[in-house]
Every structure is written in structure tokens, then in C-alpha cells.
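What follows is calculated from the coordinates using simple rules that are stated; it is not laboratory data. Nothing here was measured: the structure is a model prediction, and the numbers come from that model. Neighbour counts are summed over all protein chains in view; Cβ atoms, including those assigned to glycine, are modelled from backbone coordinates with ideal geometry.
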Amino acid sequence: MSNDDHERRDGGQRENEAADERDHLADAQPHGGANRRPAGRQQPSVTDLLSEQATQNYAKTVAGVMAAVGVGIGVMVILLGSFGGSELGASLSTQQYKLGLTNTALGVAPYVGFAVAAGAGLLVGFSLGEQRRATVAAAAGSLVGAVLLFLLAEIIASTQVSQLSVDYGQALVNAVLMGVGTAIAGGAGAYFGDELA
């Protein structure tokens, strides 16, 4: 065999090794398009993803932050109801003032939940590094977190108004319904957060 044949064979072998290395690096990429599965490989189901520790950790973090926000809203109403007053000069009774605070806090809580879920979803998508897993983690955490946020805010804030009686069954239904919308915001945040990664 001539030197030219050896050189051609060695050159072809080096090209094959370089192609194998590129494929290996593409499979190992943590973010973006390089992390998409080949069409023939089946993706894990949502329940499979939710049973994984990493997914659970991210979901618990999102839910925990949202629950803390709900407690914060409730405590804010208690503090303002106990030590605050109307700064607009209107002559409101103490109960009217507290009822206004409670209604305002409960009316704003769903929108606060959307904002927190979308922001947390962006962070999950940016840091988890796999779009489907991040979307599931953020959506699940946002759903649970929104239910906790709304219920905790309502239960704590309603203690300020003595004539209020909370229908906890209806409150739970409302919290779940708002949680579904919030889960969409959280999942979308994670989906697009992964696109930025």
C-alpha cells in the first residue's frame, strides 16, 4: 500500500473520529436545541418527570416561594388593619377600612400569583436545562403554590373582619381554578426561559 493510500485512510479515520466527537458533545449540551431528543427516542411521561428528585425539588421551591407570598399578603393586611389607617382623609369606620384592605388584598393576590409564577418559571427554565422537565416542574410548582398562596392570603387576611365568614369549600374551588391559570403562566415561563438558556 502506498503512502498516499495510508494518508487517505488516516485522514478518513480522523474525520470519522471528529464527527463522533461532535455527536457526543451535542448529546451532552445542557441547554437549547442541542438537548432535544432524537425523534425515535420516547420522552418520559409527566408522571415519570414528577417522580424525579430534580423535578420535585424545583416544584417544591416554586410552591414554597408562592406560599410565602400568600402569608406575606395576609400578614400585611393584619399589620395595616391593626396599626394603619386611611390616608385619603375619608371617614371610614375601622371595620370598613379592614374590609377594604381584605377585599383589595384578595383581589390582587391572583395577579401577584401570576407574576411570581411566570418569574419563577423563567428561572427554572433557565437553570434546569431541559425544556420539558423545566416546564413540568414550574407548572406543577405554580399550581400547588397558587392554591397555597390564595388560601393562605384569604384565611389570614379574613381574620381582620369579624363579620366575615369564609366558605372554605368555595375558597378551595376558587384557588384551584386560579391555580390552573397560574400553572399555565409558570409553565410558559419555564418553556421560554429554556429558550434563553
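Go over the candidates 136, 173, 166 one by one and state the one that is among the β-branched types (Val, Ile, Thr) and outside any helix (DSSP H, G or I). Spell out the reasoning first.
Details: 136 fails: outside any helix (DSSP H, G or I); 173 fails: outside any helix (DSSP H, G or I).
So the residue among 136, 173, 166 that is among the β-branched types (Val, Ile, Thr) and outside any helix (DSSP H, G or I) is 166.
Can you tell me which residue within region 159-175, out of those that are in contact (Cβ under 8 Å) with a residue 40 or more places away in the chain and under 17 Å from residue 107 (Cβ atoms), is surrounded by the fewest Cβ atoms within 10 Å (Cβ to Cβ)? So that I can check it myself, show each step before the final result.
The initial filter retains those residues of region 159-175 that are in contact (Cβ under 8 Å) with a residue 40 or more places away in the chain, namely 159-164.
Now restrict to residues that are under 17 Å from residue 107 (Cβ atoms): 160-161, 164.
On the way: 160: 22, 161: 20, 164: 15.
So, considering only residues that are in contact (Cβ under 8 Å) with a residue 40 or more places away in the chain and under 17 Å from residue 107 (Cβ atoms), the one surrounded by the fewest Cβ atoms within 10 Å (Cβ to Cβ) is 164.
Exactly one residue out of 107, 72, 100, 81 is among the small types (Gly, Ala, Ser) and either in contact (Cβ under 8 Å) with a residue 24 or more places away in the chain or not in a helix (DSSP H, G or I) (or both), and it is 81. Are any of the residues in region 137-147 in contact (Cβ under 8 Å) with a residue 12 or more places away in the chain and surrounded by fewer than 21 Cβ atoms within 10 Å (Cβ to Cβ)? Checked region 137-147: at least one residue is in contact (Cβ under 8 Å) with a residue 12 or more places away in the chain and surrounded by fewer than 21 Cβ atoms within 10 Å (Cβ to Cβ).
Given 191, 168, which one is hydroxyl-bearing (Ser, Thr, Tyr), over 22 Å from residue 84 (Cβ atoms) and in contact with a Leu (Cβ under 9 Å, 6 or more places away or on another chain)? Show your work before the answer.
Values: 191 fails: in contact with a Leu (Cβ under 9 Å, 6 or more places away or on another chain).
The unique qualifying residue is 168.
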